[in-house]
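Presented below is the structure to which this report refers.
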Amino acid sequence: MVERSFLAHLAPGARKAFFALTIAAVCLLFAFPVLWLMLTSIRPQTGIYAVHRGLEFTLGNYVTVAKNERIVEAFVNSGLIATLATVFSLMVTVTSGYMLSRFSGGIARTWFGSIYVFRCVPYISWVLPLYFVTQNWGIYDTYLGLLLPHIAVHICFFSWLMKGFFDGIDPSMEYAALIDGCTRWGAFFRVALPSAIPAISALAVLCWLFTWNEFLFALILTGQKTPVVTVVMAQFVHEMGIEWHLMSTTAVLALVPAFLLTLFGQKYVIRGLRI
Amino acid sequence: VKTPGAAAGTARPVDAARSVLPRITARVIPLLALVGITSGAVAWMFGYHPAASAAWGATTVIALVPMLIRIGVDVRHGRIGVDVIALLAMAGALILGLCLALLLNRPFKGQKLVQTVLLLPLMVAPVIAAIMLRWMFNDQFGIVNVMLEAIGIEGRSWFTDRWSAFAVIVMTDIWLWTPWFTLLLLAGLQSLPREPFEAAAIDGATRWRVFRYLTLPMLRPVIVVCVVIRAIDAFRTFDIVWTLTGGGPARSTELFSLYAYEHAFLNLNFGRGSAAAIVGALIIVALGLVLYRILDRAVEVSR
């Protein structure tokens, strides 16, 4: 306290300046790796070992990446899988989150207990048995083989978040609807669902991002036939060394859809994170 | 704030006795189901694994024993034990996140922009983050060494020494997760009631006391939720470490998920890999159940 008032006497604007400086430093720290990645991606191959020096810039890396069929295919695959996983898992999570929030009793409790426990299980412990299961069912290295595990994992995590959202919505409107003769499903579809749309959008954004960014499932459950962005990116590391320029270009391109989506959903995500 | 467990946490002294049984079953049945399913999956795998197929007829538990012993030896060599490091990263991210949330919890110009920048790590895939950091910490061409040399400190090769490799991993983890904490805590801060703070201002409480006796206790449920979510996630980290160090140098940064992956998919010893995965899962589930108790209690106290 004493120190603060002393400072205030010394320089009236000091506190404000200090605040602005701290914020700027924090922002720089958080943005720096991404900016550095972008800078690397527009340097020619000869320039990447001295990114901080030299002024040759090129978009050649982007052309190389766009011409690489495997990478393009990976982007399409990742986008498709992320979208499908989001749609299908949301169908379950919305209803299951509603159930967890509005009903109590043995079934709800057991369901909550199981999704909590399943959420605790690390991905590596899922993926080992899944590897054999997908091979046995003949869906290894297909969309389905990657989609199903993702949907299962999302159901566990997002039902929990969804429950929190519904907890924040006052149930009295639904009771009113019930008294007016709505069925339980009617109350859910006509009253609860419309008021939960911001929360559902937030979940959709998070769900899409998680699937798009996921690595371990993709690494193990896909092979040559179904390349996925994160795995393709990691494959720039090979015996010949690391192709930093192409890797960073792909990484920047992978950031673009995620960035656009987050910008669009930012309002909802921040509100939605209020547990 | 209502959080998981709110449905189960309605016990009052009168019906406490009645609600104990369902509470126990709600925790035990899923656990049993999990153990059943996973051990079934392991048994199935042993069927595929020729060396262990003799054990296929016996119970899975017996088949697991030699695996467990070998993993136990590895634990003693400090290979899987390094998971504890994950906790360090988590604590760092939590404290930093809390500081940032307190800092941001007031209107100022450009708040939107700052928020967007803070959301950046949420969009970045952990793999990309790890690649970026690996590039920046590259011993020959990395910007970090260049900067260090510019201010007269000799650069080093970060990934050849155990502790500096750890430092980079922890840093990456903090970079990735601090924003997540900041947003959750900021949302929590903004939904706190105004009145106690006004009362404290009238009473002339110092800033530290307001934080210590008002903000912190009222924010506790949110903090606990953050810790529970992160603690579970921290123990199953795979992608950052795999991309940054691949478990090296000399397997010293090998987390249990890397250990399982390496044995199952690189050495093609599926039995050992899956045994490690199951042991890890059991440890984390046990930890998760303990955390759940804490969570339950924290939320109950807050109401």
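Given a Förster radius of 41 Å and the C-beta distance between A:S195 and B:Q140 as r, what FRET efficiency does 1/(1 + (r/R0)^6) yield to the nearest 0.05?
With R0 = 41 Å, the Cβ-Cβ based efficiency is 0.15.
Could you state, as a whole-number percent, how many of the C-alpha pairs of segment A:81-235 are farther apart than 23 Å?
Beyond 23 Å sits 44 percent of the P(r) for segment A:81-235.
Taking the mean number of other Cβ atoms within 10 Å as a proxy for protection, how do you rank B:215-223, B:229-237 from highest to lowest?
Going from most to least packed, we get B:229-237, B:215-223.
Where Lys and Arg each count +1 and Asp and Glu each count -1, what net charge lies around A:S172 among other residues with Cβ under 14 Å from its Cβ?
Combined, the nearby Lys, Arg, Asp and Glu give -3.
What FRET efficiency comes out for B:R207 versus B:I95 if R0 is 22 angstrom and r is the Cβ-Cβ distance? Round to the nearest 0.05.
E(calc), rounded to 0.05, equals 0.80.
On average over all directions, what projected area in square nanometres does chain A have, based on the convex hull of its Cα atoms?
22.9
List the residues of segment B:185-200 that lose 40 Å² or more of accessible area once all protein chains are present, compared with their chain alone (1.4 Å probe, heavy atoms only, no ligands or nucleic acids).
Listed by number, the residues meeting the 40 Å² cut-off are B:A187.
Kindly provide the pair-distance distribution of segment B:157-233 built from C-alpha pairs, with 5 Å bins from 0 and whole-percent values in order of increasing distance.
The distribution over segment B:157-233 is 3, 13, 17, 16, 13, 12, 10, 7, 5, 3, 2, 0, given as percents.
So if I average 1/r over every pair of distinct C-alpha atoms in segment B:116-273 and take the inverse, what Kirkwood radius in Å does that give?
Computed over Cα pairs of segment B:116-273, the Kirkwood hydrodynamic radius comes out at 18.7 Å.
Count, for each residue of A:211-222, the Cβ atoms from other chains sitting within 10 Å of its Cβ, then give me the mean as a whole number.
Mean partner-chain Cβ count within 10 Å for A:211-222: 4.
Report the local net charge at A:F157: Lys and Arg +1, Asp and Glu -1, summed over other residues whose C-beta lies under 14 Å from its C-beta.
Neighbour charge sum, excluding A:F157 itself: +2.
Computed from the mean reciprocal separation of all distinct C-alpha pairs, what Kirkwood hydrodynamic radius does segment A:17-97 have, in Å?
16.7
Give me a single rounded figure for A:184-196: the average over its residues of other chain Cβ atoms within 10 Å of their Cβ.
Mean number of neighbouring Cβ atoms from other chains: 0.
When only alpha-carbon atoms count, how far does segment A:77-145 stretch along each of its three principal axes, as whole angstroms with the largest first?
Cα extents, longest axis first: 40, 25, 19 Å.
Give the calculated FRET efficiency between A:E73 and A:M173 to the nearest 0.05, with a Förster radius of 56 Å applied to their Cβ-Cβ distance.
Working from the Cβ atoms, E equals 0.75.
Could you sort A:198-205, B:192-199 so that the peptide with the highest average Cβ count within 10 Å comes first and the rest follow in order?
Ranked by mean Cβ neighbours within 10 Å, highest first: A:198-205, B:192-199.
Sorted by packing (mean other beta-carbon atoms within 10 Å per residue), highest first, where do B:175-187, A:129-141 land?
Sorting B:175-187, A:129-141 by mean packing, highest first, produces B:175-187, A:129-141.
Sketch the reach of a paramagnetic label on B:L148 as a point 7 Å from Cα along Cα-to-Cβ, and name the residues of segment B:160-204 whose backbone nitrogen lies under 18 Å away.
Counting backbone N atoms under 18 Å from the label point, the list is B:160-173.
Which whole number gives the average, over all residues in B:135-144, of C-beta atoms from other chains lying within 10 Å of the residue C-beta?
Averaged over the peptide's residues, the number is 4.
Which percent of the accessible heavy-atom area of segment A:50-144 goes to carbon and sulfur, probe 1.4 angstrom?
Ligands and nucleic acids excluded, carbon and sulfur reach 69 percent.
With viscosity set to 1.002 mPa s at 20 °C, what whole-number translational diffusion coefficient in µm²/s follows for segment B:142-193 from Stokes-Einstein and a Kirkwood radius over Cα pairs?
158
Under a point spin-label approximation (7 Å from Cα along Cα-to-Cβ), what is the A:W137-A:L55 distance to one decimal in nm?
According to this spin-label approximation, the distance is 5.9 nm.
Per-residue HN-Hα couplings for segment A:22-28, Karplus 6.51 cos²θ - 1.76 cosθ + 1.60 at θ = phi - 60°, whole Hz, x for Gly and Pro?
Taking θ as phi minus 60°, the curve returns 4, 4, 5, 4, 4, 4, 4 Hz for segment A:22-28.
For segment B:113-141 and segment A:156-193, what is the separation of their Cα centres, given in Å?
Using only Cα atoms, the two centres lie 39 Å from each other.
What whole-number value in Å² describes the accessible area per residue of segment A:183-275 for a 1.4 Å probe?
Normalised by residue count, the accessible surface of segment A:183-275 is 40 Å².
Can you run phi through the Karplus equation (6.51, -1.76, 1.60; θ = phi - 60°) for segment A:30-46 and list ³J(HN,Hα) in whole Hz, with x for Gly and Pro?
Values per residue, Gly and Pro as x: 6, 8, 4, x, 5, 4, 5, 4, 5, 4, 4, 6, 9, 9, x, 4, 6 Hz.
Between A:L29 and A:T83, with labels modelled 7 Å along Cα→Cβ, what's the label distance in nm to one decimal, could you check?
Placing both labels 7 Å along Cα→Cβ, they lie 3.9 nm apart.
What does the convex hull of the Cα atoms come to per residue for segment A:180-262, in Å³?
119
Springs between alpha-carbon atoms under 10 Å, Gaussian network over chain A: tell me which of A:S78, A:S41, A:S195 tops the mean-square fluctuations.
A:S195
Which entries in the list A:K67/A:K267; A:K67/A:K225; A:K16/A:K267 go over 24 Å, if you measure between the two C-alpha atoms of each?
A:K67/A:K267; A:K16/A:K267
Counting heavy atoms of the protein chains only and a 1.4 Å probe, report the per residue accessible area for segment B:125-260 as a whole number of Å².
With the other protein chains kept in place, segment B:125-260 gives 40 Å² per residue.
Would you mind giving the total buried accessible surface between chains A and B, with a 1.4 Å probe and ligands, DNA and RNA left out, rounded to the nearest 100 Å²?
Summing both chains' loss of accessible area gives about 7600 Å².
Of all the accessible heavy-atom surface of segment B:163-241, with the other protein chains kept in place and a 1.4 Å probe, what percent is carbon and sulfur?
63
Once you place label points 7 Å from the Cα toward the Cβ at A:L21 and B:N105, how far apart are they in nm?
My value for the distance between the label points is 2.5 nm.
The values are calculated or read from the model by the stated rules, or taken from the named source; none is laboratory data. Because the structure is predicted, anything quoted here is derived from the model rather than measured. A quick note on method: Cβ atoms are made from the backbone with ideal geometry, for glycine too, and the neighbour counts reach across all protein chains shown. Each accessible area value is taken on the protein alone, full model and side chains, heavy atoms only, with ligands, DNA and RNA left out. Shrake-Rupley method; radii C 1.70, N 1.55, O 1.52, S 1.80 Å.
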